[in-house]
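Heads up, the thing below is written out as structure tokens.
The values are calculated or read from the model by the stated rules, or taken from the named source; none is laboratory data. Since we're looking at a predicted model, the values are computed, not measured. Glycine gets a Cβ as well: all are built from the backbone with ideal geometry, and neighbour counts include every protein chain shown.
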Amino acid sequence: MAEKSYNQILKDLEQKKYSPVYFLTGDEPYFIDLVSDYIEKNLLDESEKSFNQSIFYGKDSDIANVINSCNRFPMMAEKQLVILREAQELGDLEKQIDVTKAGKKVSINLLEEYVKNPTPSTVFVICFKYKKLDGRKSLAKTMIAHSEYLNSQKIKENQVPEWIKNFFAEQNQAIEEKAAVLMANHLGTDLSKIINETNKLVVSKSSKSAITENDVYEFVGISREYNIFEFVDSILKKNTLKAFEITKYFGEHPKENPFPQTIAMLFSNFSNLITYHNLPDKSGKAGIAALRVAPFVFEKIAFSSRIYSYEKCAEIIHLLRIYDLKFKGVDAYNADPADLLLELVYQILL
């Protein structure tokens, strides 16, 4: 076996191809939950689950009990299911123990030994979230070699709009490019949040026409005038009046408009501007490919490059780093985020 994508694993599962061991790891919990939930819902009938399904949690378990459960045989069913959730919290997961084999004392890891020779009638799912095993160690190598291994990584910011479009397509629902970008800018890379809002939009849409910006504003609950999309747009166009109006609104509604998110969006856009200034070929097709943005976003970047020089963009990036540190308490103990944002916007627009 080898490392697989969540799509490859789900495709096999949909064809009823179950493996003895699944090791689901990484810093994006959504894909881990997607695979483990599918197995939990589909491997066993409801009548089979009471005798043939065991769920353990890392904090409350030890590896010996988990492995003992894996070694049992199913009752009145072809398979049994063992799920170890929060495996990263299991204290003895990587522990070596001394045993006697062929009259000699050897050191083994119980999980590793089981994975090398699993019980064929058991499906064992290990959910190891938010981090990875040390790839230099034997246990990690064994997992990759002998299990269905998923490395669930967070998607990058510039990949979110395309991911949103693809997810809508899976629901047989189209979404306009600008609407997908608006959702991405508002929701960030939190896939669970994106899925919740996507489902809300699909249910709320009365027709099969494409989801529009207006739909996103209405059903996702984004203010039409005072949102991160409009804020960044006003900064890039140097629309001073609008920029300060939205800055004031953000200061009055910090929960809905967190300072770190605002800094991150500004950083992303001015980083794109710096990249644009350095492009040897600034034509639309080449520039869009280099920046990996939608055509309408590229047009905005090209327009803003006439307002902000390379030197000014570099200065703004430096300012963003300074104010990010101030928000975290460096050289600005107990600073009010609203005041910090107002100062920052003033200095950007100077």
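Brief remarks follow.
- Close pairs (6 angstrom Cβ cut-off, 6 or more residues apart or separate chains): outside any helix (DSSP H, G or I) in region 100-129, among the basic types (Lys, Arg) anywhere: SER121/LYS79; VAL123/LYS79; CYS127/ARG85
- Residue in region 14-43 that is surrounded by the most Cβ atoms within 10 Å (Cβ to Cβ), counting only those that are within 22 Å of the chain's Cα centre (by Cα) and aliphatic (A, V, I, L, M): LEU24
- Yes/no for SER223 being under 28 Å from LEU273 (Cα atoms), part of a loop (DSSP other than H, G, I, E, B) and among the small types (Gly, Ala, Ser): yes
- For the residues ASP331, ASP339, the requirement of being of a type in the set (Asp, Glu) and either buried (at least 16 other Cβ atoms within 10 Å of the Cβ) or at negative phi (or both) singles out ASP339.
- Top-ranked residue in region 1-33 [being in contact with a helix residue (DSSP H, G or I) (Cβ under 6 Å, 6 or more places away or on another chain) and in a helix (DSSP H, G or I); ranked as farthest from THR119 (Cα to Cα)]: TYR30
- Residues in region 289-327 that are within 15 Å of ILE235 (Cβ to Cβ) and within 29 Å of the chain's Cα centre (by Cα): 9 in all.
- Any hit, region 164-173, residues being surrounded by fewer than 16 Cβ atoms within 10 Å (Cβ to Cβ), among the small types (Gly, Ala, Ser) and free of Cβ contacts under 8 Å to residues at least 40 places away in the same chain: yes
- Residue that is farthest from TYR114 (Cα to Cα) [pool: residues in region 62-95 that are modelled with pLDDT under 90 and not aliphatic (A, V, I, L, M)]: GLY91
- Region 135-188, subset among the basic types (Lys, Arg) and part of a helix (DSSP H, G or I), residue farthest from the chain's Cα centre (by Cα): LYS141
- All positions within region 302-350 that are in contact with a helix residue (DSSP H, G or I) (Cβ under 8 Å, 6 or more places away or on another chain) and among the polar types (S, T, N, Q): SER304, SER305, SER309, GLN347
- Within region 290-337, restricting attention to residues that are aliphatic (A, V, I, L, M) and not in a helix (DSSP H, G or I), the residue that is modelled with the highest pLDDT is ILE307.
- LYS205 vs. criteria of a type in the set (Lys, Arg), farther than 18 Å from VAL181 by Cβ and surrounded by 15 or more Cβ atoms within 10 Å (Cβ to Cβ): yes
- With a requirement of 2 or more residues that are within 21 Å of the chain's Cα centre (by Cα) and surrounded by 16 or more Cβ atoms within 10 Å (Cβ to Cβ), the helices (runs of 4 or more DSSP H) lying completely within region 228-288 that satisfy it span 228-236, 259-278.
- Among the residues of region 224-257, those that are closer than 21 Å to ASN158 by Cα and free of Cβ contacts under 8 Å to residues at least 24 places away in the same chain comprise GLU230, SER234.
- Residues satisfying the stated conditions in region 300-316, i.e. within 15 Å of PHE267 (Cα to Cα), aromatic (Phe, Trp, Tyr) and surrounded by fewer than 16 Cβ atoms within 10 Å (Cβ to Cβ): TYR310
- Residue in region 102-125 that is modelled with pLDDT of 90 or more, of a type outside the set (S, T, N, Q) and under 30 Å from THR198 (Cβ atoms) present: yes
- Candidates GLN153, GLN88 - the one that is out of contact with any Lys or Arg (no Cβ under 8 Å at 6 or more places or on another chain), touching a residue at least 40 places away in the same chain (Cβ under 8 Å) and at negative phi: GLN153
- Test result for THR212, assigned by TED's automatic domain parsing to the domain that holds GLN171 and surrounded by 15 or more Cβ atoms within 10 Å (Cβ to Cβ): yes
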